[in-house]
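The values are calculated or read from the model by the stated rules, or taken from the named source; none is laboratory data. Please read all numbers here as calculations on a predicted model, not as lab measurements. All Cβ positions, glycine included, derive from the backbone under ideal geometry; neighbour counts span all protein chains shown. Keep in mind that these areas ignore ligands, DNA and RNA; they rest on the heavy atoms of the full protein, side chains included. Shrake-Rupley method; radii C 1.70, N 1.55, O 1.52, S 1.80 Å.
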Amino acid sequence: MPTKKFELFESFYQTYKENKIIKEKSFTPITLNKPSYDGLLNVVLPKEVKTRKYFDTIEGKASLLHTICHIEYGAIDLALDAAYRFNGLPQMYYDDWLEVAEDEIRHFKMCETLLKELGYVYGDFEVHTNLFEAMKRTQTLLSRMAIVPRYLEANGLDQNPKIMEKLKSNPDAMNKKILEALEVILEEEISHVQKGDKWFKYACELEQCIPEETYLKLLEEYYPGSTQKVLNLNFKARKQAGFSCDELKRLSNKKECV
Ligand SMILES: [Fe+2]
Ligand SMILES: [Fe+2]
């Protein structure tokens, strides 16, 4: 399934880069009710997805890689939907999200290759639809940018180093390869969050709202209680992505911006 999709994207993206695609202003995007992998993957409720905490067995490593593959796969769809769904924005907006889609495809392929090395394929483990649900629930530019790249992808910036630490404590050959992939992913995800930050602030400007207040309000609306948790944030990566020190201190309940 992914191969065909990636081929279609590649040829579309090539045409787009040659300036041959014109988006009609009156274009009405279709509503998506089901994720692109519906019927192809074993979809279960988030709480039913088994998480393996240890990466010292083949199954543990494969499960981790499968989880990342699925996040990347969902992220491909989200990046494409960001470009597809919102009309009348500056060219740079579409450039940004198609570039993200290209990155996410590369991330997916990197992890899928390692998964195959372990004798598994994408689809061997159950998956949830969290990312798709977030996409469905955010149908305005402001909410989409706040919730998808600036919240969910930014959460990934916090989680990634924690997984890297675990892998480093068990540095066998496969874990080293997974580590290398995670390093590439972390670096590039910073730029995705940064793009989300840029377009969230742009949407705020259009709607004349104050970004930091609006962000907290949206988080509470979409994920009640999420702004009250004490979070261990990746300050370094988040600052690079556009979060301010005040915001990070507020979100993490810390006094220092480090
Ligand atoms: Fe990614
Ligand atoms: Fe991303």
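A few remarks follow.
- Using a Förster distance of 30 Å, the FRET efficiency for Asn253-Glu180 (Cβ separation, nearest 0.05): 0.35
- For the set Lys195, Lys176, Lys34, Lys201, the ranking by accessible area, highest first and with no ligand, DNA or RNA atoms included, is Lys34, Lys176, Lys201, Lys195 under a 1.4 Å probe.
- Comparing Gln194, Gln159, Gln91 in a Gaussian network model of the chain (Cα springs below 10 Å), the most mobile by mean-square fluctuation is Gln91.
- For the range 106-213, the percent of C-alpha pairs falling in each 5 Å distance bin, counted from 0 to the bin holding the largest distance, reads 2, 11, 16, 18, 19, 13, 9, 6, 4, 1, 0.
- Using the Cβ-Cβ distance between Cys209 and Val121 with R0 = 51 Å, the FRET efficiency computed as 1/(1 + (r/R0)^6) comes to roughly 0.70.
- Just checking the listed ones, Phe86, Phe55, Phe27: in the Gaussian network model of the chain with Cα springs under 10 Å, the one fluctuating most is Phe27.
- Listed cross-link partners Lys168/Lys229; Lys53/Lys168; Lys229/Lys249 are compared with a 20 Å cut-off, the Cα-Cα value being larger for Lys168/Lys229.
- Remark: relative contact order (the range 46-252) = 21 percent; criterion is Cα-Cα distance under 8 angstrom and separation of 6 or more residues.
- Most mobile listed residue (Met135, Met92, Met174) in the chain, GNM with C-alpha springs under 10 Å: Met92
- Per-pair calculated FRET efficiency, R0 = 51 Å: Glu10 and Lys168 via Cβ, rounded to 0.05: 0.90
- The range 162-224 and the range 97-118: distance between their alpha carbon centers, rounded to Å: 17 Å
- 19 Å cut-off, amide nitrogen to a point 7 angstrom out along Tyr223 Cα→Cβ, residues in the range 142-182: 142-164
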